[in-house]
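Below is one structure, written out as structure tokens, with a few remarks after it.
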Amino acid sequence: MKIDLHSHTHHSDGKLSVAELLMRAQQMQVDVLAITDHDCIDAIAPARAILARNKQKLTLISGTEISTRWHGFEIHILGLEVDHECPVFVQRLATQLEKRQIRAQKICEKLSKIGIHDVLPLAQNMVTSGCISRAHIAQVLVDKGVCDYFQQAFTQYLGKDKKAYIVPQWIGIQEAVQWIHEAGGKAVIAHPFHYDMTTKWLRRLAEEFASYGGDAMEVQHPNLAKEKHDLMVDIALKTGLMGSAGSDFHAPSKWTELGRRLNIPASLTPVWTSFKTHLGA
């Protein structure tokens, strides 16, 4: 069974519509897919409607990726199998989106002060639903010729302590875990292997997350080196966290694909074994 518990649509910074993402999942023979847009759950209802209409044999897990702050680091926490119709949860995510929009405006103001103008309206034009992310702004910088490639926008302008960086005002990880649990979901540390921190800090993150009742951490990604994978597994085992795996899919590419290389070792309990949703054989 092919399971991918981390993907995005154009409701946040994904390149595909909900229908296109579901079609891609079918093409890649994915059996279980979690849609986890940033601080947003708007893709879930239309996704369920499309699956029902097309009679597509895909198990959809409702999810989101909540932005948090922890000791100066920006940490993302996945909420898997959350109730996407829970009014309190929906309202809480709305406050996150408001913070995203304010941050985007401040970033664009900083860019304007250093001579890079009209970024905000161009970024807004890219947004189908939800609000502007740094990824949208980065794409504008590439399109305008300010940057040669996407990642350069972060290394020169948008990354931590760079020219247009704005410190985000996110909630803490403990609050994110609480939100997710109160919405009936499982809380998972997203892509811990991507954070710019030492192994000591990674272990501390997992320990604190577990102490707050966090459920799991991602231990596998299509491009994850074996050494990092083994470290993630070791950290999960020592902190009592379950394992999760997701491609963090935003668009088809030669580096990342839905459902590719997402196996979890037998030594770890997969987070999906705790789901209420029946995943089949």
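Side notes on the structure shown:
- Positive-pole candidate from 180, 156, 51, dipole of the chain, charges at beta carbon: 156
- Antiparallel %, DSSP beta bridges [both residues in the chain], to 5: 40
- Spin-label model distance (nm) - residue 94 vs residue 149, 7 Å beyond Cα toward Cβ: 4.2
- Sorting 27-37, 267-277 by average packing, meaning the other beta carbons within 10 Å per residue, from highest down gives 27-37, 267-277.
- Packing-based ranking, highest mean first, of 95-104, 161-170 given that Cβ atoms within 10 Å are counted: 95-104, 161-170
- Summed over qualifying helices (DSSP H, 4 residues or more, each -39500 (n - 2.57)) and divided by its residue number, the chain shows a 222 nm mean residue ellipticity of -12000 deg cm²/dmol.
- Gyration tensor verdict on the stretch 1-122 (Cα atoms; rounded if a/c is under 1.5, prolate if a/b is larger than b/c, oblate otherwise): prolate
- A convex hull fitted to the Cα coordinates of the stretch 94-158 yields 73 cubic angstrom per residue.
- Too-long pairs where the Cα-Cα distance tops 26 Å, listed order kept, from 228/276; 228/254; 186/238; 226/254: 228/276
- Ratio of Rg to Rh for the stretch 152-233: 1.02 [Cα atoms; Kirkwood radius as inverse mean 1/r over pairs].
- Counting beta carbons within 10 Å around each of 157, 149, 195 and listing the fewest first gives the order 149, 195, 157.
- Stretching the chain fully between residue 207 and residue 49 yields a gain of 53.0 nm (0.36 nm per residue, less the alpha carbon separation).
- Gaussian network model of the chain, Cα within-10 Å springs - most flexible of 159, 63, 130: 159
- Each of the peptides 131-143, 227-239 was scored by the mean count of other Cβ atoms within 10 Å over its residues; in descending order, highest first, they stand as 131-143, 227-239.
- Pairwise FRET efficiency - residue 277 versus residue 199, Cβ, R0 = 30 Å, nearest 0.05: 0.30
Every number here is computed from the coordinates shown, using simple stated rules; none is lab data. Since the structure is predicted, the reported quantities are computational estimates derived from the model, not experimental observations. Positions of Cβ are backbone-derived with ideal geometry, glycine not excepted, and every protein chain shown enters the neighbour counts.
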